[in-house]
Structure formats: C-alpha cells, structure tokens
1. Could you work out [θ]222 nm for the chain from helices alone, using -39500 (n - 2.57) per DSSP H run of at least four and dividing by all its residues? Round to the nearest 500 deg cm²/dmol.
2. Is there a pair in Lys11/Lys73; Lys11/Lys104; Lys73/Lys104; Lys2/Lys106; Lys11/Lys106; Lys11/Lys79 whose C-alpha atoms are over 20 Å apart, and which pairs would that be?
3. So what are the range 1-42's ellipsoid semi-axes, whole angstrom, largest first, if each one is the square root of 5 times an eigenvalue of the alpha-carbon gyration tensor?
4. With only Lys, Arg, Asp and Glu charged, each at its Cβ (+1 for the first two, -1 for the last two), find how big the charge dipole of the chain is about the Cα centre; round to the nearest 20 debye.
5. So for the range 2-110, what percent of the C-alpha to C-alpha distances run longer than 20 Å?
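No value in this document is a laboratory result; all are computed from the given coordinates. Predicted model only: the values in this text are computed from it and were never measured. Cβ: placed from backbone, ideal geometry, glycine included. Neighbour counts: every protein chain shown.
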Amino acid sequence: MKIVIPTNSEKGLDDTTAEHFGRCNTYTFLDEKGNVIEVIANTSEHMGGTGLPPELMKKHGADVLLCKGLGMKALDLCKELGIDIYVCQAQSVKEIFEMWKNDKIKKASSDDTCPEHK
C-alpha cells in the first residue's frame, strides 16, 4: 500500500502538510508503516505541467491520500482512480500519518470539499 500526502518541500516525515491539495510543491509517499518511499515534485497542470494531481499520484502508485482538503472534482477523480481519501487539519506528515494509522481521521466525502472548488 502506498500513501500520499501533499507537502511543502522534501523534508519527509518532518515536512508540513500543504494547505491546498492541488497547489502543493511536493507529494510525499509513505508505506503502510510510515516509512518515506519517495518525494516527488508536483508537476500537474496546477503547477504549469500536465495532467491532474490525482492522475500524477496514481501514476506513482497511490492507494490512499491524506490531506487537509480538496475540491469536488479531485474527490471524484480520486474515487474513480481507486484512491481512498482521508481529511484532517494535521500540520505535519508524521502527524497526519499517525492519525490515519490510529483511525483518528475521517474518510472524505463531498461535505469535506472546499466550497470554492465545488
């Protein structure tokens, strides 16, 4: 299983979780034990590249997305691609992973999407 978290830099478990899912600088990938597998740059069309963030994450094998929030289109596309999404306001990669691991984070629904991105 591969877990992805939108992040601000390349600091691994010590990195901060990005405020905006699609406009983050990097995506940090962890295994189910919380070990960093890789950190990739956000090369999606939101950052001047190509493709949508969920497509980029799936290309790198994401099964689970842990984030602070996302828009309705991203929620729908993640579901379509088979990526489970969980949301909360954790500040660091380590914190959001621990919350997920200990079932203290909720599975995302349309109620959790950003109002400006519906």
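1. The helix-only estimate for the chain comes to -6000 deg cm²/dmol at 222 nm.
2. The pairs that break the limit, which is 20 Å between Cα atoms, are Lys11/Lys73; Lys11/Lys104; Lys73/Lys104; Lys11/Lys106; Lys11/Lys79.
3. Over the Cα atoms of the range 1-42, the ellipsoid semi-axes are 16, 10, 8 Å.
4. Magnitude of the dipole: close to 100 debye.
5. When all Cα pairs of the range 2-110 are counted, 27 percent exceed 20 Å.
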